[in-house]
1. How many residues, within region 22-45, are open to solvent by less than 70 Å² (accessible area, probe 1.4 Å) and over 14 Å from Lys109 (Cβ atoms)?
2. Here are some conditions: (1) farther than 23 Å from Thr31 by Cβ; (2) aromatic (Phe, Trp, Tyr); (3) surrounded by 19 or more Cβ atoms within 10 Å (Cβ to Cβ). Tyr99 meets all but one. Which one does it not meet?
3. How many residues does region 5-21 hold that are farther than 15 Å from Val84 by Cα and open to solvent by less than 50 Å² (accessible area, probe 1.4 Å)?
4. Mind telling me which of the residues Asn114, Asn102 ends up being closer than 23 Å to Asp15 by Cα, of a type in the set (S, T, N, Q) and either over 16 Å from the mean Cα position of the chain (by Cα) or outside any helix (DSSP H, G or I) (or both)?
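The values are calculated or read from the model by the stated rules, or taken from the named source; none is laboratory data. All of these numbers come straight from a predicted model, not from anything done at the bench. All Cβ positions, glycine included, derive from the backbone under ideal geometry; neighbour counts span all protein chains shown. Ligands, DNA and RNA are stripped out before the accessible areas are found, and what is left, the full protein with its side chains, is counted by its heavy atoms. Shrake-Rupley method; radii C 1.70, N 1.55, O 1.52, S 1.80 Å.
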Amino acid sequence: MKNATYLIVEDNLGDLFLMKEILHDIGCLKTVIKKDGKEALDFLKDHEHIPDMIFLDINLPKFDGFEVLKYIRSRKEYDHIPVVLLTTSSSEEDLKKAYNLNASCFITKEQNFNDFNRVISESIHFWIKFSKSIKEMA
C-alpha cells in the first residue's frame, strides 16, 4: 500500500512529525494531515479524496476520534478502510468502545520516546507491508 493515500488525524505535533517521517522513510508519500476531528470530518465529507488508510487519535479537539470513527463506519464508501486508533489511553472502556465501533486496530502510544517510535514504526510497517486492502484486490 505504498502508493496509497494515508490520512493522519493527530493534534500532537511531535507524534505527527514522527508518523510522517516513518511513512516517508518507507516510501509512502501521499499523506493528508488533519489536526482535529472537525477537519477530519470535513475532509471525509468532501468525498473527492477517499483515503486508503486512516491513523486516528482518540483525544482530538472539536470532535473526538470516536465521533470520527463512528462517521467513517456509518458510510458505505468508507467501510473498507482500515482505521488504526493511536491513543495515550489504555482504558478498557476506550478499547471496547473502539472495537464496538469497528476500529481495525487500537494502539496505546508509549510514553518513552524510543518505545513510542518502535511501536508506531512497527504498526505502520505492519499495516503498509503486510495487510491487504480491498482496493488492492480489485
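1. Start the filter on region 22-45 by keeping residues that are open to solvent by less than 70 Å² (accessible area, probe 1.4 Å), which leaves 22-23, 26-28, 31-34, 36-37, 40-41, 43-44.
Applying the additional criterion that residues be over 14 Å from Lys109 (Cβ atoms) yields 23, 26-28, 31-34, 36-37, 40-41, 43-44.
Residues flagged as open to solvent by less than 70 Å² (accessible area, probe 1.4 Å) and over 14 Å from Lys109 (Cβ atoms) within region 22-45 amount to 14.
2. Among (1) farther than 23 Å from Thr31 by Cβ; (2) aromatic (Phe, Trp, Tyr); (3) surrounded by 19 or more Cβ atoms within 10 Å (Cβ to Cβ), Tyr99 violates only (3).
3. Counting residues in region 5-21 that are farther than 15 Å from Val84 by Cα and open to solvent by less than 50 Å² (accessible area, probe 1.4 Å) gives 2.
4. Values: Asn102 fails: closer than 23 Å to Asp15 by Cα.
Matching residue, one of Asn114, Asn102: Asn114.
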